[in-house]
Every structure is written in C-alpha cells, then in structure tokens.
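*Asks:* First the structure, which I've put down as structure tokens, then a few questions once you've had a look.
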Amino acid sequence: MMAGFEFFKKEMREIVKTQKIFILPALFLFVAFSSPLASKYINEILKMVGVDATFPEPKFTDSYLQFFKNFNSMCFFIMVLSFMGIVVDERVRGSMVIALTKRLSRTQFIFSKFISVVLFYTASYFVSVVGCIYYTYLLFPNYYHENLFLSFFIFWIYGVFIISVTVLGSTISKTHMMSGIIGIGALLGFPLIAMIPRVGKYTPGKLSELSTKIISGTNQASDTIIPLAVTAIAVCVIMFLSVFAFKRQEI
Amino acid sequence: MIAVETYKLTKAFGSYNAVDGLDLKVPEGEIYGFLGPNGAGKTTTIKMLLGLSKPTSGEIKICGKDVTFGSVRNRIDIGFLPDVPSFYDWMKPKEFLMFCGKIFSIESRQLNEKADNLLELVGLTGVNKKIKGFSRGMKQRLGIAQALINNPKVVFLDEPTSALDPIGRKDVMDIIEKLSGKVTVFFSTHILSDVERICDRVVIIDKGKMLIEDTIPNLRQKYSSHGIEIEAEETESYREFLTDLSNQKWIDRMEKTEEGKVKVLVNNIKDAQLNITRMLGARNVELRKFIILEPSLEDIFLKVVSK
C-alpha cells in the first residue's frame, strides 16, 4: 500500500516538474474565461471580423454551452496528448523496470498513474468551472440553472472516462504514437458511437452531449442516469482491463 | 546456502529456445559471472529471475523462495541494475534513492542515512544536479546505489559496464569489487577482463544452454593449453634450437609471433620446462624472455563457446 502511495506521490511531483502543471490549467482557464466572453460578445466579434450576421441576444446558458463545446474540442484533446505516454514512455525509456523490481505491484503502478491524472484533471477542471461561472455571473444578469452542477458533473465523469481510455491505450501500446492514435481515436470515436440509434444514448459519448442538452432544455436530468452509470462501470472495466493487460506483459 | 537456483529453466519464443533447460546454483556471498556472447540468453534469464518475464517451463528460487512472474514477494531480497538504466530525469540522485527506499517502506531517518552511505560508496556524494545532466558512468553508479537501497541479498547486474568508457568501467568495477562478501552479485557480461578481475565463479552460456560452470582457477586448470613464450636474439643457434624444438614429442604447436619470439603449446608442461631450458643452454641461446603462459578467460571462453 505504501509503495503505491509513494509512487502516486512521484506521479504528482512529475506533473509539477515536467511543466504539465502549467499547460492544462492554463488551457482550462483560457476556455473558462473565453467561453462567457465569446458568448456575450459574439455579435460584436462577428462585426469586427466583417461577418454580416446577427445572432439572437445571448443568454447566460450560451456561456456554459460554449464552455462544454470548447472543452470537448480543445481541452480533452490536449489532455490526451499530454498523458498518452503515461505508461508507454516508462516502458520505452526503461524507468519502469527499476520501479517494478522494487516493492511496487503492477496494479499499484497503473492505479497510481490513473489516480494522479484524475486528481490533476479534477483540480484543473474545478478551477476552470469556478472561473466560467464567475465570468458568466459578471457578464450576464443571471448565472444559475437548476441543472448547472449536474451538467458540470457529468462532463467531469466523461473526462475521467477519457483518462481511463488514455491509460489503457498507453498500457497496451508499444510506442508513443500508437498510444496517441488510441487516445485520439477514442476521443473522436465515442461521440460517433453515441449517435447509434437506440443504444448510443446509453454510451459514455452521450454524456458530453447531455451536459449541454440538460442546460438548453432538450433533455431532462433523468436522461443522464443510465449513461452516467454505464460510464462509471466502463471506467471500472477499462481500469480492470489496463491492469489485466499490464500484468500479462513481459517487461 | 544457495542464493539463486534454477531448475530446467526454459524460455521459448515460438520454436526458438532463448533459454534452454538452464540449471544454476549460485552460492551466497559470491560474485557470480554470468557469461555468454551477445544473444546467448543472459538478459532473458535475468528477466525471468527477476519475475519480469514468464518462463516457459522450469523453476526459480531466490534465497529459498519461489519466484513467480509478476509477484512482489521476492523483491525485498533483490536489487537490479539494467544494462542502460533509466531514471526519472527530473530527480536529483539523493531524491531518487529516497524515492526507491520509500517504495520499500524504509523508515525516513534510516533511509536518509542509507542514501548518504550509498552515494558515498558510488562516489556521488555532494552531486546535487538533476539526473538529466548525468554522464553514462554516473548513471551506472547511481544504478548500483538504487539496487542496494533495500540491503538486498542478491544483486543482479546486467552488463553494467558494456556501455561505458574505460574510466567509467573502472569506476563501476571498483564499486562491484567492494560488494564482495557482503552481497551475492549475479554479474552478467561479455567483457571477460571484468569477470576475470572480480568473479569468484563463472558460468558460460550460449544459445540458452549452460556450457560450463566453475571457479576461474579450476577453469584455467581444465582448459589450460600449457603455453610457453620464448624470446631470444635471432641468431643461427636460436634457429637451430627452434628446429630441434619443433621435433620434440611433447610439442603440440609452435607459432612465431614476432621477430625472435615464439609461442609454444605443449602437452606436458613439466617435461617442456626441463627440456627447453636444457636445449637453450646446449645451443648457447641468448635468452630474453621465458614465460609460462596462463590461459586467459578469453581463451577459455572461445574454446568453450566454439566447441
């Protein structure tokens, strides 16, 4: 247990020492601040760049919808790129061998990495959510919606799911590039799977869509229950598969 | 007591046996040379001994405990240095040793002292820069320190000097020599002079099979080719002496190496010593050198591997 905790501490320190501590939070905060601004001043921005189009008067919910849209396209992409080498890099470099010939089990190795990334993502995400709500509060007459926190929560869960897929990709890959292809492929593929009639609405990819739809009113909060449960189970299964695959690998 | 023991250890990759029925018995406290040409199966064997690779068949025991693939049970008894060690480059040497020690749950004060002692042993005391800036030799020395952090009973060193320059090699060999008698060292290499210098016992493997295992003095005795090197002024009497010599029954082979210098392989060293000195005296040869040649480990290795 102690070995796993010490390795987890190493992972957290590595995030700080390798500058990841600046990259993700900076990007998350940029999205947090730019989304309410872009929503509020969309018409002015369009006028400035010479586009002759006028959008309806922006509402505070547009700020959150823009946040989820930007987060989905930018932040998760950069997050996958930042962490796609989390396991495979140690294998390729050879540092894994030294750690695994100490009293560190393979399960501890994988979970330490997963938990450290989830914690880092959660902290960065929390700061960006606070930033986004605060800017919405400053720019719009209203900022609260009854499904606001559920919306942020299901989006967070979707991020955890993406991290678990990234860890699995990195565990089963022999090269950094292969790991990246799996991670980015999953990021692009799961929203497509969510479009499959009948079953798609229960898949993890649906969560990112639901986070906007329960704010815009297209869907009810209750619609999130099944995909939330499926995603939580999927995270557990994917982590189990990561450990299972890693335990079978010869290093 | 036996520190490392394998029984019919085999590792197959498809139809090719990288390790083929290897039986090893490494006595406790010895520096054990694990020799073989490139591709002989040394690293594959070490990985199985460490539980990093799954044997196709066979058994492994370290300090009496069974080794199973992936298990952490034996880790407290072992230390390992790979051929090209890789660390977390952003750490400093002491920080890395502290990290390794904490994985073994070593108490902080004891660990701090241990890390300082090990840094002193490997000559890295006071080095406070990130591992990123280390030379290969420094990394290898830090690698030895991390392998010893848990006071292991057996240390596996996989070709620790193969990537080093002569100075780095000497530094690493000096450190390994200091471990003699304190810990069992399982030392894999293909650099024979390193083995000759520090190992108590060697095993030579090729194509995954054990060819021979013994102490170096015993190997020398077994594989001694009884050579004598003679060097003298290149005169008429010396040439006559060489002609006489080539007709002796106890001569196996004669080889002129340089001007005035011959290497003679004999089948009876005692007869040869007595007769050659007598013959040299009889021909009034002005002798410069007369050396009884000890077979080098390289000679033995080549003989065993090419059999």
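*Asks:* Among the residues of region B:166-211, count how many are farther than 22 Å from B:Thr45 by Cα, of a type in the set (Asp, Glu) and under 13 Å from the mean Cα position of the chain (by Cα).
*Replies:* Adding up the residues that qualify gives 1.
*Asks:* Among (1) on the phi > 0 side of the Ramachandran plot; (2) touching a helix residue (DSSP H, G or I) at 6+ places or on another chain (Cβ under 6 Å), which single condition is A:Gly94 missing?
*Replies:* (2)
*Asks:* Against the condition buried (at least 23 other Cβ atoms within 10 Å of the Cβ) and in contact with a Pro (Cβ under 9 Å, 6 or more places away or on another chain), how does B:Ile78 come out, does it pass? Steps first, please.
*Replies:* Details: buried (at least 23 other Cβ atoms within 10 Å of the Cβ): yes; in contact with a Pro (Cβ under 9 Å, 6 or more places away or on another chain): yes.
Taking the combined requirement at face value, the residue satisfies it.
*Asks:* All but one of (1) within 12 Å of chain A (Cβ to nearest Cβ); (2) among the small types (Gly, Ala, Ser); (3) crowded, with 20+ Cβ neighbours inside 10 Å; (4) in contact with a Lys or Arg (Cβ under 8 Å, 6 or more places away or on another chain) hold for B:Ser86, so report the exception by its number.
*Replies:* It fails just one condition, (3).
*Asks:* In addition: Condition test on B:Val127, is it surrounded by 15 or more Cβ atoms within 10 Å (Cβ to Cβ) and in contact (Cβ under 8 Å) with a residue 24 or more places away in the chain?
*Replies:* Values: surrounded by 15 or more Cβ atoms within 10 Å (Cβ to Cβ): yes; in contact (Cβ under 8 Å) with a residue 24 or more places away in the chain: yes.
When the stated conditions are applied, B:Val127 passes them.
*Asks:* Between residues in region A:177-189 that are in contact (Cβ under 8 Å) with a residue 12 or more places away in the chain and residues that are surrounded by fewer than 17 Cβ atoms within 10 Å (Cβ to Cβ) and assigned to a helix (DSSP H, G or I), which pairs lie under 7 Å by C-beta distance while being six or more apart or on different chains?
*Replies:* Short answer, once both residue conditions are applied: A:Gly180/A:Leu81.
*Asks:* Every residue in region A:73-106 that is more than 14 Å from chain B (Cβ to nearest Cβ) and either touching a Lys or Arg at 6+ places or on another chain (Cβ under 7 Å) or surrounded by fewer than 21 Cβ atoms within 10 Å (Cβ to Cβ) (or both), please.
*Replies:* The first filter runs over region A:73-106 and keeps only residues more than 14 Å from chain B (Cβ to nearest Cβ), leaving A:73-84, A:87.
Those that are more than 14 Å from chain B (Cβ to nearest Cβ) and either touching a Lys or Arg at 6+ places or on another chain (Cβ under 7 Å) or surrounded by fewer than 21 Cβ atoms within 10 Å (Cβ to Cβ) (or both): A:Ser73, A:Met74, A:Phe77, A:Ile78, A:Leu81, A:Ser82, A:Val87.
*Asks:* Right, another one. Inspect region B:186-201 for any residue being at pLDDT below 90, assigned to a strand (DSSP E or B) and closer than 30 Å to B:Val72 by Cβ and give the result as yes or no.
*Replies:* Checked against the condition, which is being at pLDDT below 90, assigned to a strand (DSSP E or B) and closer than 30 Å to B:Val72 by Cβ, region B:186-201 yields at least one hit.
*Asks:* Within region A:204-219, is even one residue assigned to a loop (DSSP other than H, G, I, E, B), within 25 Å of A:Met84 (Cα to Cα) and β-branched (Val, Ile, Thr)?
*Replies:* Filtering region A:204-219 down to residues assigned to a loop (DSSP other than H, G, I, E, B) leaves A:204, A:217-219.
Adding the requirement that they be within 25 Å of A:Met84 (Cα to Cα) leaves A:204.
Then keep just the ones that are β-branched (Val, Ile, Thr); that gives none.
Checked against the condition, which is being assigned to a loop (DSSP other than H, G, I, E, B), within 25 Å of A:Met84 (Cα to Cα) and β-branched (Val, Ile, Thr), region A:204-219 yields no hits at all.
*Asks:* Out of the residues in region B:32-47 that are among the hydrophobic types (A, V, I, L, M, F, W, C) and touching a Phe, Trp or Tyr at 6+ places or on another chain (Cβ under 8 Å), state the one that is nearest to B:Asp77 (Cα to Cα). Give the steps one after another, and end with the answer.
*Replies:* Quick first cut of region B:32-47, residues among the hydrophobic types (A, V, I, L, M, F, W, C) only: B:34-35, B:40, B:46.
Applying the additional criterion that residues be touching a Phe, Trp or Tyr at 6+ places or on another chain (Cβ under 8 Å) yields B:34-35, B:46.
Values: B:Phe34: 19, B:Leu35: 23, B:Ile46: 15 Å.
Across region B:32-47, the extreme among qualifying residues is B:Ile46.
*Asks:* Scan region A:24-31 and give yes if some residue there is within 30 Å of A:His145 (Cα to Cα) and among the aromatic types (Phe, Trp, Tyr), otherwise no. Can you show your working first?
*Replies:* The initial filter retains those residues of region A:24-31 that are within 30 Å of A:His145 (Cα to Cα), namely A:24-31.
Add one more test, that the residue is among the aromatic types (Phe, Trp, Tyr), and what stays is A:28, A:30.
Yes: region A:24-31 contains one or more residues that are within 30 Å of A:His145 (Cα to Cα) and among the aromatic types (Phe, Trp, Tyr).
*Asks:* Let me ask something else. Assess whether A:Val118 counts as being under 18 Å from A:Ser170 (Cα atoms) and touching a helix residue (DSSP H, G or I) at 6+ places or on another chain (Cβ under 7 Å). Spell out how you get there, then give the answer.
*Replies:* On the way: under 18 Å from A:Ser170 (Cα atoms): yes; touching a helix residue (DSSP H, G or I) at 6+ places or on another chain (Cβ under 7 Å): yes.
Yes.
Conditions (1) among the basic types (Lys, Arg); (2) on the phi > 0 side of the Ramachandran plot; (3) surrounded by 15 or more Cβ atoms within 10 Å (Cβ to Cβ); (4) away from every other protein chain (no Cβ under 11 Å), marked per residue:
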| site | (1), (2), (3), (4) |
| --- | --- |
| A:Glu6 | no, no, yes, no |
| A:Lys10 | yes, no, yes, no |
| A:Arg13 | yes, no, yes, no |
| A:Thr18 | no, no, no, no |
| A:Ile23 | no, no, yes, yes |
| A:Ala26 | no, no, no, yes |
| A:Ser34 | no, no, yes, yes |
| A:Ser39 | no, no, yes, yes |
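*Asks:* Just to be sure before I move on: is B:Asp66 without any contact (Cβ under 8 Å) to a residue 12 or more places away in the chain and farther than 17 Å from B:Ile144 by Cβ in the structure I sent? Show your work before the answer.
*Replies:* Details: without any contact (Cβ under 8 Å) to a residue 12 or more places away in the chain: yes; farther than 17 Å from B:Ile144 by Cβ: yes.
Spelling it out, B:Asp66 is indeed without any contact (Cβ under 8 Å) to a residue 12 or more places away in the chain and farther than 17 Å from B:Ile144 by Cβ.
*Asks:* Looking at (1) surrounded by fewer than 16 Cβ atoms within 10 Å (Cβ to Cβ); (2) touching a Ser or Thr at 6+ places or on another chain (Cβ under 9 Å); (3) modelled with pLDDT under 90; (4) more than 30 Å from A:Tyr144 (Cβ to Cβ), find the lone condition where A:Val51 falls short.
*Replies:* (2)
*Asks:* To continue, here is another question. Taking region B:93-107 as the region of interest, how many residues are within 17 Å of B:Gly133 (Cα to Cα) and under 30 Å from the mean Cα position of the chain (by Cα)? It would help to see each step written out before you state the result.
*Replies:* Taking region B:93-107 and keeping what is within 17 Å of B:Gly133 (Cα to Cα), we get B:93-97.
With the extra rule that they be under 30 Å from the mean Cα position of the chain (by Cα), the set shrinks to B:93-94, B:96-97.
Final tally of qualifying residues: 4.
*Asks:* Restricting to region B:52-77, count the residues that are more than 17 Å from B:Ala18 (Cβ to Cβ) and facing another protein chain (nearest Cβ under 7 Å).
*Replies:* Taking region B:52-77 as the starting set, the residues that turn out to be more than 17 Å from B:Ala18 (Cβ to Cβ) are B:59, B:61-68, B:70-77.
This time we only want the ones that are facing another protein chain (nearest Cβ under 7 Å), so: B:70, B:72, B:75-76.
Residues in region B:52-77 being more than 17 Å from B:Ala18 (Cβ to Cβ) and facing another protein chain (nearest Cβ under 7 Å): 4 in total.
The values are calculated or read from the model by the stated rules, or taken from the named source; none is laboratory data. Quantities reported herein were computed from a predicted structural model and do not represent experimental measurements. When we count neighbours, we look across all protein chains shown, and the Cβ atoms used for this are built from the backbone with ideal geometry, even at glycine.
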